[in-house]
Amino acid sequence: MTLVRSHSGRKPKIAFPKGAIDTQMHAYLPGFPAIEGGPPLPAGELPSPSQYREFMKWIGIDRVIVTQGNAHQRDNQNLIACLKDFGDLGWGVAAINGQATEAELDELADARVIGLRIMDLPGGGVDLTHLEDVDAIASSRNWMLAVQFDGSNIVEHEARLSRLKSRWVLDHHGKFFCGVTPDSPQVAAAKRLIDRGNCWFKFAGAYESSKTGAPDFADVAEIGRTIAAHAPERIVWGSNWPHNLAKTQADYPDDAALTDTILGWLADDAARRLALVDNPEQLFGLEPRGNKGT
């Protein structure tokens, strides 16, 4: 059975404020095949910018950050094409190593790239060996940095992460694959990094690291609530559309229900407004657009 993604349906019960930003998604256009070393393109119909615009209307999203997909490794041409399609709705997070030329960086900047990613997990295009070089490039361009790795090892990496010059986000709920509680040393390390002032924490893809699973993701929820209570001004949210790990229809989440679950971990509408509007504007360096009264 072919995987079919829903782009409409029951609206989330939690209403999004004006100017809401999805900080984590991927999009694809024809003509950009998967590259050796990464995963294949997503299952089912190629998830395109036009499909995602339908998703935006359904969920209530106004702006989007398009992240380079692992299938394309460090070839950002699909990302550039998708950003052109999105126009002024979107900005990008690209994947480069420390060898990128100024001309390549200028091309990315012209395409509305405002961030770079480290993805130190199987299939990732840029691992932690490039962290300092990529951070230096991001800092020189006033771009942000998205950092994803097995958070089980965050204490081991804390010293390096604490020296990052860029604004950066700890991706995908920290991806604590080992399983943690609010009292675990890994969570304490995440709090210390957040407290340094240039680190944010992303709510996205809870199903990728949860051991308790859907629909509540109780283990990830416990950590999410803990971090959000500690630093509500440092939480950002991402849909993780089109849920690239889903290979069958049974694997594919109900996006409205998933949205309500994840945003329900935040204390109230004020905290959700921070996570959906104010915090991502600061992390990505975007011009404020939201209405403070909504």
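Just so you know, all these numbers are worked out from the coordinates, no wet-lab data involved. These figures come from a predicted structure and were not determined experimentally. Please note: Cβ atoms are built from the backbone with ideal geometry, for glycine as well, and neighbour counts cover all protein chains shown.
A few remarks follow.
- Selected from His173, Thr261, Leu128, residue furthest toward positive end of dipole (the chain; charges at beta carbon): Thr261
- Spacing of the modelled spin labels on Ser48 and Gln99, each 7 Å from Cα toward Cβ, amounts to 3.5 nm.
- Across segment 9-59, counting alpha-carbon atoms alone, Rg and Dmax equal 14.2, 41 Å.
- Across the chain, the relative contact order, built from alpha-carbon pairs under 8 Å that are at least six residues apart, equals 21 percent.
- Contact order relative to length of segment 130-248, as percent, for alpha carbon pairs under 8 angstrom and 6 or more apart: 23 percent
- What the Kirkwood sum gives for segment 147-198 is a hydrodynamic radius of 11.1 Å, with every pair of different alpha carbons counted.
- Per-residue [θ]222 nm for the chain (sum of -39500 (n - 2.57) over DSSP H runs n ≥ 4, rounded to 500): -9000 deg cm²/dmol
- Pairs from Lys175/Lys211; Lys175/Lys202; Lys11/Lys175 whose Cα-Cα separation, in the structure shown, is over 18 Å: Lys11/Lys175
- Note on segment 36-106: Kirkwood radius taken over Cα pairs, Stokes-Einstein applied at 20 °C and 1.002 mPa s, translational D equal to 159 µm² s⁻¹.
- Convex hull of segment 151-251 built on C-alpha atoms - directionally averaged projected area, nm²: 6.6 nm²
- 16 Å tail of the calculated P(r), segment 97-183, as % of Cα pairs: 54 percent
- Where the Cα pairs of the chain fall when distances are cut into 10 Å bins, in %: 6, 31, 39, 22, 2
- Charged side chains reduced to their Cβ positions (Lys and Arg at +1, Asp and Glu at -1) give segment 1-89 a dipole of some 460 debye around its Cα centre.
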